[in-house]
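What follows is a short report on a single structure.
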């Protein structure tokens, strides 16, 4: 299935090329978060990690 | 008191508009998820080959990136959202058939589905109750997503299972961040188009589901 790998790679390259300008734009225009903002992001992400660990134990 | 009333009267139109966007987004999201489940079931019944996933995802991405933005403000946009989500659901069929054939397959699919639902609802509830503004995450999430795409590109040729597992785990983290970011944008008026809001949230749910399937599929058959 080598052709599937090549098509997947080409699709990913296209996706990266299309997303790159939007990413650069977002980096320039995103407001800076304070440490409490980042903490309010880290708490739910930590909860998601713990939840996935629980799911792995359940399977 | 008069001042309070006039402030409330000034705020209410934008608050009503925001609630309308949120309500329409969740309504369309529910319908598209049901439609995806339907097309996935059809694809499973038709016993589609594995390449269906690749073709469907590429087709859906091309439509989402180049066609949807032109029609996002017209009623045709809703039809295009159903086309994209139906295609993605159809592409899931062969993958679900493959997982269902594993010894623990039914359990893996059920847990992935339930886990995706719980993550989405939990994170959405977190943003809706705290009403925090997560707009500062935009650049960070996009850079993270680009790096994951580069890692996935490398792993197409390297074929390292541990790297594949790591990519899936990071994708879940980034998509969780996008749920916070997108929901926060809707409630703070940054996204006023429910068609675009729906497709953004749908993509996060789709990616979390696929990544959970991969993680639980690898970890669940490791005995």
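Every number in this text was worked out from the coordinates using simple rules, so none of it is lab data. Owing to the predicted nature of the structure, the values given are computational and were not obtained by experimental measurement. Cβ sites come from the backbone with ideal geometry, for glycine too, and all protein chains shown count toward neighbours.
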Next on the checklist: Quick check on packing: order B:101-111, B:207-217, B:24-34 by the mean number of other C-beta atoms within 10 Å, highest mean leading.
Outcome noted: B:207-217, B:24-34, B:101-111
Checklist entry - How high is the relative contact order of chain B, in percent, with contacts defined as C-alpha pairs under 8 Å that are six or more residues apart? => result 29 percent
Checklist outcome for this item: A student applying the Cα gyration tensor rule (rounded when a/c is under 1.5; otherwise prolate if a/b is larger than b/c, oblate if not) would label region B:70-119 oblate
Checklist entry - Taking 0.36 nm per residue of separation and subtracting the Cα-Cα distance, what length does fully extending residue B:155 through residue B:218 add? => result 21.1 nm
Checklist outcome for this item: Nearest 10, in degrees from 0 to 90: the angle of helix B:161-187 to the longest Cα principal axis of chain B is 20 degrees
Checklist entry - In units of 2.2 N^0.38 Å, what is the alpha-carbon radius of gyration of region A:2-58? => result 1.77
Item to check | Cα long-axis angle, helix B:105-130 against chain B (0 to 90 degrees, to the nearest 10) | outcome: 20 degrees
Checklist entry - Taking Rh as the Kirkwood radius, which is the inverse of the mean 1/r over Cα pairs, what is the Rg/Rh value for the protein assembly as shown? => result 0.98
Checklist entry - What's the angle, to the nearest 10 degrees (0 to 90), between helix B:194-220's Cα axis and the longest principal axis of chain B? => result 30 degrees
Checklist outcome for this item: Highest mean packing first, using Cβ neighbours within 10 angstrom, the peptides B:188-195, B:83-90, B:131-138 sort as B:83-90, B:131-138, B:188-195
Checklist entry - Using alpha-carbon positions, what is the distance between the centroids of region B:96-155 and region A:19-50, in Å? => result 15 Å
Next on the checklist: How big is chain B along each principal axis, measuring the range of its Cα positions in Å and listing the largest first?
Outcome noted: 69, 33, 31
